[in-house]
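The values are calculated or read from the model by the stated rules, or taken from the named source; none is laboratory data. These numbers were taken from a predicted model, which means no experiment stands behind them. Methodologically, a virtual Cβ is constructed for each residue, glycine included, from the backbone with ideal geometry; neighbour enumeration extends over all protein chains shown. To get the accessible areas, we keep the full protein, side chains included, count just its heavy atoms, and leave off ligands, DNA and RNA. Shrake-Rupley method; radii C 1.70, N 1.55, O 1.52, S 1.80 Å.
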Amino acid sequence: MRPMHGVGAIVNNLIKNKFGYYLGLSLAAFSSVLITALIVSIQVNSSGIGNINEVLSPILSTHIIVGIAEILATIMVLNILVSLKFKLEGKIN
């Protein structure tokens with residue numbers, strides 16, 4: 001069994017129960033979407049297509065919704081895998 005890494009591992013290590021596991025996955029899913037949106041905004045700014053002040057707000061506000069959907073999708077898939085007794089790398093108990 002390989003250890004978890006990143007945001008999910010930090011939260012899972014702080015809160016060592018099922019809630020901490022799901023919270024860690026949720027934060028990892030949400031933050032990855034927002035970080036990607038931030039990087040896209042920086043790339044749009046550096047390419048000269050748009051100013052970061054004009055681009056950042058609409059991209060981040062849209063991707064907050066996408067991040068919430070990512071959380072829900074991650075938890076749904078995880079629950080399906082757990083119900084099928086699929087071996088996971090982290091602990092859920």
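In table form, for the structure just shown:
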read-out	value
Residue that is modelled with the lowest pLDDT [pool: residues in the range 59-78 that are open to solvent by 70 Å² or more (accessible area, probe 1.4 Å) and farther than 22 Å from Leu14 by Cβ]	Val77
Pair list, Cβ < 7 Å and 6+ apart or interchain, from the range 39-53 residues that are under 16 Å from His63 (Cα atoms) and among the hydroxyl-bearing types (Ser, Thr, Tyr) to residues that are open to solvent by 60 Å² or more (accessible area, probe 1.4 Å) and modelled with pLDDT of 90 or more	none
